[in-house]
Amino acid sequence: MSTLIDILLLSLMGITALAAVRMKSLFGAVMLTGIFSLLSALWFLILDAVDVSFTEAAVGAGISTVLMLGTLSLTKSEEKTSNHSQIIPLFVVFVTGGVLIYGTLDMPDFADPLAPIHTHVAPHYIEKSGAEIGVPNIVTSVLASYRGFDTLGEVTVIFTAGVGVLLLLGIGRRREDGDE
Amino acid sequence: MMFFVTVIALFPAMFLALGRAIVGPTLYDRVLAVNSFGTFTVLMIAVLGFMTDQTDFVDIALTYALINFIGTIAVLKFFVVGDFGYEEQRDQ
Amino acid sequence: MINFLSWVLLLSGCFCVLISAIGLIRMPDLFTRMHAAGVGDTLGAILVIAGLMLQAGPTLLLAKLVLIMFFLLFTGPTACHALAKAALAGGEKPLLDDNNQ
Amino acid sequence: MPPLSAIVKPTTTNHQGILTISTGPTSDNRWLHAISLALTMAVIWFLLSGHTEPLILGLGAASILSITWLALRMDLIDREGHPIHLTFRAPMFWVWLGWEIVKSNLQVMKIILYPKLPISPRMFRVPVSQKTDIGRVLYANSITLTPGTISLRVNEHDIEVHALTQAGEDGLKDGKMDRLVTNVEGEQ
């Protein structure tokens, strides 16, 4: 029954992706990627990855669309037709895709209850994290407590990157000069 | 069963809205289509949550409703403030 | 009984959403399309969410559904108005009937 | 309890159409708005989380207090930002508006389904009788909420409306919605 939903959703995603690639107006392509990330968030929901879908909604549909538009306002909004040969890129894409598919062959089946990830630490987190940490959301307790130092490092990296970008763009300096 | 039928019945609408987003012709048509598509997605998430008995989904539908709005406003703000070359935008 | 009502609400909501999408395709220009999109954003959303509310029963879930409905009803027209204003500012001319302008 | 309009001092609109709040003795009313904002947020927080553990409740309370403090600091709390005075008059209007939404939706749906698409789009202006920005916003939003009419541009005296049919234009021009919104706004 839910196979029908999967098929419909995936075909929507396929149409969106193809249309985004074929579209000449870059603005239209940005709008289509917005739709695509809405759809992929729906898809994550169907796969039960609620937190990923949440992130996809906020980052994919929200921020990245705005960032792309910001980029477009600085550049041209029409795609330039390329006169390169398209055979080599196609070859690269196919080889990469083939390698990736080959890589998935070794992975445990989807939703296999005997897969290592479901037999080692996951049951512990699911059963004990409420009592050990006291945070209702398991993902939050993993991110903020079990691997808190890792998250701290990540946040530091992102913060540094943000500060670097701000320094490069010189946003702070302009305000000092008062010519904003 | 009820929710399954609803989800399936929402799909044609999403296909049509996607069609409008692809055809255009103006960028505002696309924004309108994306906005409608977002509303349909919100409804579909809520119904999907009921279908699979995971009512957490409703929280996500709520967030989506807000993100959809903020995204639309942000995009339109860019149109009015930033320069996108309005004449060049038409596809055909 | 409640199930039957839910069925009716959900199906009529889907019908509204579908018609709104058809209108999105059929209407001749941006501004008339916005009217069509309004059908799905208002009545379609209200009916579908009302159908879900009947299934939720008196729980926190109901409150969340009410919140979703309110957000949709408050943000919908604002987004629509912003779109119309941006389109007019961007030089978009609405298609008007000849014999009354 | 005195009527709310007696507690809340009326606002004035200056010649540029920017809403200004009369300062001075209105600081009580600012606190009233801050408290109502915090209460609203607390209700929404509880509805969304549904948790009652002390730790989580404390975190929620802390975030609500800090947001209220920020809003006070940023001077976001005023009549416009959190219009409690509307809350008490609105329900009847909403019922009426809901019925209007259903009616106009059915009309637009009928139009969409007609094979010949009998539309005659038109633009016109309707006068507004609301005194405050928020009243005009309420009116413009109500116009847009009923499909078949969209408010395009709003200024102090009128709203530019795009309507799908003659019937939509007539329905708006009889001024019933305008009267009801002004009544909800209750500003005299």
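The values are calculated or read from the model by the stated rules, or taken from the named source; none is laboratory data. The shown structure was predicted, so the numbers you read here are calculated from the model rather than taken from an experiment. Here the Cβ is made from the backbone with ideal geometry for all residues, glycine too, and neighbour counts use every protein chain on show. Areas reflect the complete protein model, heavy atoms only, side chains present, ligands, DNA and RNA absent. Shrake-Rupley method; radii C 1.70, N 1.55, O 1.52, S 1.80 Å.
The protection proxy used here, the mean number of other Cβ atoms lying within 10 Å of each residue, ranks peptides A:30-42, D:56-68 as follows, highest first: A:30-42, D:56-68.
Ordered from highest to lowest accessible area with the whole protein assembly present and a 1.4 Å probe, D:ARG179, D:ARG89, A:ARG22, D:ARG73 read as A:ARG22, D:ARG73, D:ARG179, D:ARG89.
Over the stretch A:1-78, accessible surface divided per residue gives 46 Å², non-protein components excluded, 1.4 Å probe. Accessible area of D:MET74 (1.4 Å probe, protein heavy atoms only, ligands and nucleic acids ignored): about 130 Å². Heavy-atom accessible surface of D:MET92, to the nearest 10 Å², is about 140 Å², with a 1.4 Å probe and all protein chains retained. Taking the Cβ-Cβ separation of C:MET1 and A:SER85 as r and a Förster radius of 51 Å, what is the calculated FRET efficiency to the nearest 0.05? Once rounded, the FRET efficiency stands at 0.15. Which residues' amide hydrogens lie under 5 Å from the amide hydrogen of D:LEU152, considering only partners 5 or more residues apart or on another chain, with H built in the peptide plane? For D:LEU152, the qualifying residues are D:GLU160, D:VAL161, D:HIS162.
Remark on the protein assembly as shown: hydrodynamic radius 26.1 angstrom, per the Kirkwood mean of 1/r across alpha carbon pairs. Against chain C, whose longest principal axis is taken from its Cα atoms, helix C:2-26 shows a tilt of about 10°.
Projecting the Cα atoms of B:PHE37, B:LEU48, B:ALA65 onto the charge dipole of the stretch B:6-84 (Cβ charges, centred on the Cα centre) puts B:PHE37 farthest toward the positive pole. For the stretch C:2-89, what class follows from the C-alpha gyration tensor (a ≥ b ≥ c being the square roots of its eigenvalues): rounded when a/c is under 1.5, otherwise prolate if a/b is larger than b/c, else oblate? Because a/c hits 1.5 or more and a/b fails to exceed b/c, the stretch C:2-89 counts as oblate. Do any of A:LYS24/A:LYS76; B:LYS77/C:LYS64; B:LYS77/D:LYS176; B:LYS77/D:LYS131; C:LYS64/D:LYS131; A:LYS76/B:LYS77 go past 23 Å between their Cα atoms, and which? Exceeds cut-off: B:LYS77/C:LYS64; B:LYS77/D:LYS176; B:LYS77/D:LYS131; C:LYS64/D:LYS131.
Please work out the C-alpha center-to-center distance from the stretch A:52-83 to the stretch C:65-92 and express it in whole Å. Comparing the Cα centres of the stretch A:52-83 and the stretch C:65-92, I get a distance of 22 Å.
Place a point 7 Å from the Cα of D:LYS116 along the Cα-to-Cβ direction; which residues of the stretch C:21-49 have their backbone N under 14 Å from it? Under 14 Å, as judged by backbone N against the label point of D:LYS116, lies no residue of the stretch C:21-49.
Round to the nearest 0.05 the FRET efficiency obtained for B:THR52 and D:VAL95 when R0 = 45 Å and r is the Cβ-Cβ distance. List each step's numbers first, then the result.
Numbers: r = 34 Å, r/R0 = 0.77.
FRET efficiency, B:THR52 to D:VAL95: 0.85.
With θ taken as phi - 60° and the Karplus curve 6.51 cos²θ - 1.76 cosθ + 1.60 applied, the whole-hertz 3J(HN,Hα) list for the stretch D:56-71 is 5, 4, x, 4, x, 4, 4, 5, 5, 4, 5, 5, 4, 4, 4, 5 Hz, x standing for glycine and proline.
From helices alone, the protein assembly as shown scores -22000 deg cm²/dmol at 222 nm; the rule is -39500 (n - 2.57) for each run of n ≥ 4 DSSP H residues, then divide by the residue total.
Heavy-atom accessible surface of chain B, averaged per residue, reaches 34 Å², computed with a 1.4 Å probe.
Would you tell me the mean number of C-beta atoms belonging to other protein chains that fall within 10 Å of each C-beta in D:100-109, as a whole number? Please report the intermediate quantities before stating the final value.
Working: counts 0, 6, 4, 0, 5, 11, 3, 1, 11, 11.
Taking all residues of D:100-109 together, the mean is 5.
The tail of the calculated P(r) for chain A, taken as Cα-Cα distances beyond 25 Å, holds 60 percent of the pairs. Across the protein chains, with a 1.4 Å probe defining accessible surface, the residues D:LYS103, B:LYS77, C:LYS64 rank B:LYS77, D:LYS103, C:LYS64 from largest area downward.
Rounded, prolate or oblate, given the Cα gyration tensor of the stretch B:6-84, with a/c below 1.5 counting as rounded? Judged from the Cα gyration tensor, the stretch B:6-84 comes out oblate (a/c at least 1.5, b/c at or above a/b). Legend: mean number of C-beta atoms from other chains within 10 angstrom of residue C-beta atoms, peptide B:44-57, equals 5. Can you tell me how the stretch A:1-100 classifies by the Cα gyration tensor, rounded, prolate or oblate, using a/c under 1.5 as the rounded cut? Note, shape of the stretch A:1-100 comes out oblate.
Rounded to the nearest Å, what's the spacing between the alpha carbon centres of the stretch B:38-58 and the stretch A:114-140? Just the number, please. Each part reduced to its Cα centre gives a spacing of 25 Å. Solvent-accessible area of C:ILE25, all protein chains in place: 70 Å² (probe radius 1.4 Å, heavy atoms, ligands and nucleic acids excluded). When the convex hull of its Cα atoms is viewed from all sides, the stretch C:40-86 shows a mean projected area of 3.1 nm². Just tell me how shielded A:157-164 is by partners: mean number of partner chain Cβ atoms within 10 Å of each residue's Cβ, no decimals. Other-chain Cβ atoms within 10 Å of each residue's Cβ, averaged: 0. Can you find, among C:PRO58, C:ILE25, C:VAL8, the residue farthest towards the positive end of the dipole of chain C? Put +1 on the C-beta of Lys and Arg, -1 on that of Asp and Glu. Final value for the positive-end residue is C:PRO58.
With 0.36 nm allotted per residue and the present C-alpha distance subtracted, the A:THR160-A:ALA131 stretch has 7.0 nm of extension available.
Accessible area of the stretch C:2-89 with a 1.4 Å probe: how many percent of it is carbon plus sulfur?
On the way: 2240 of 2810 Å².
Answer for the stretch C:2-89 is 80 percent, counting heavy atoms of protein chains only.
Am I reading the C/D interface right? What is its buried accessible area, both sides, 1.4 Å probe, to the nearest 100 Å²? Kindly include the intermediate steps, with their values, before the conclusion.
Values: alone 7350 and 12050 Å², together 16200 Å².
Approximately 3200 Å², summed over both chains.
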